[in-house]
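Some notes on the structure that comes next.
Laboratory data are not the source of any read-out in this text; all were calculated from the coordinates shown. For clarity, every value in this text was computed on a predicted model and none was experimentally measured. Positions of Cβ are backbone-derived with ideal geometry, glycine not excepted, and every protein chain shown enters the neighbour counts.
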Amino acid sequence: MNLPIIEALSGVLAAVAAYFSIKAKKEAGEANNAVNHTDKDKPRLYDLALSNYEGVARIKERQKSIEKTVDKLEQNQGLMVGKLNDHDKTLKEHSTILSKITKGE
């Protein structure tokens with residue numbers, strides 16, 4: 001091969017390598033900025049993820065509390081149905097007695 005051709009190819013390869021190096025450095029900087037948010041008054045990606053995790057944890061705790069409350073309400077609902085049926089029966093008996101008294105029987 002000819003020496004000038006080898007030098008030209010080396011120059012082209014060096015230029016291509018420099019281009020990709022610059023491009024990779026730029027992309028790495030953008031990724032780093034996205035994660036760390038070096039801009040003022042912007043949260044880091046880690047802070048956003050932590051905040052979301054804490055929010056989900058609070059929601060799960062509230063969900064457990066609501067589920068316990070619903071379970072208690074379901075248990076008490078059965079008792080209340082029985083009491084209401086007893087009251088309904090008593091009211092019907094009193095209604096019958098009252099109607100007999102008002103008719104003079």
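Key figures for this structure:
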{"quantity": "Crossing angle, helix 3-36 versus the chain [Cα axis fit, 0-90 degrees, rounded to tens]", "calculated": "20 degrees"}
{"quantity": "Nonlocal Lys pairs with alpha-carbon distance under 24 Å, the chain (8 or more apart, or different chains)", "calculated": "14"}
{"quantity": "CD proxy at 222 nm, helix term only [per DSSP H run n ≥ 4: -39500 (n - 2.57); per residue of the chain; nearest 500]", "calculated": "-33000 deg cm²/dmol"}
{"quantity": "Separation in nanometres of the label points that stand 7 Å from Cα toward Cβ, at A28 and L73", "calculated": "5.7 nm"}
{"quantity": "Helix 45-103 axis, angle to the chain major axis (alpha carbon atoms, nearest 10°)", "calculated": "10 degrees"}
{"quantity": "P(r) histogram, all alpha-carbon pairs of the range 18-61 included - 5 Å bins from 0, percent", "calculated": "5, 21, 16, 15, 14, 11, 9, 4, 3, 2, 0"}
{"quantity": "Pairwise label distance in nanometres, S99 with D86, each label 7 Å out on the Cα-Cβ vector", "calculated": "2.5 nm"}
{"quantity": "Which label in (1) 67, 21, 19; (2) 57, 29, 20; (3) 133, 34, 21 gives the computed Cα extents along the principal axes in Å", "calculated": "(3)"}
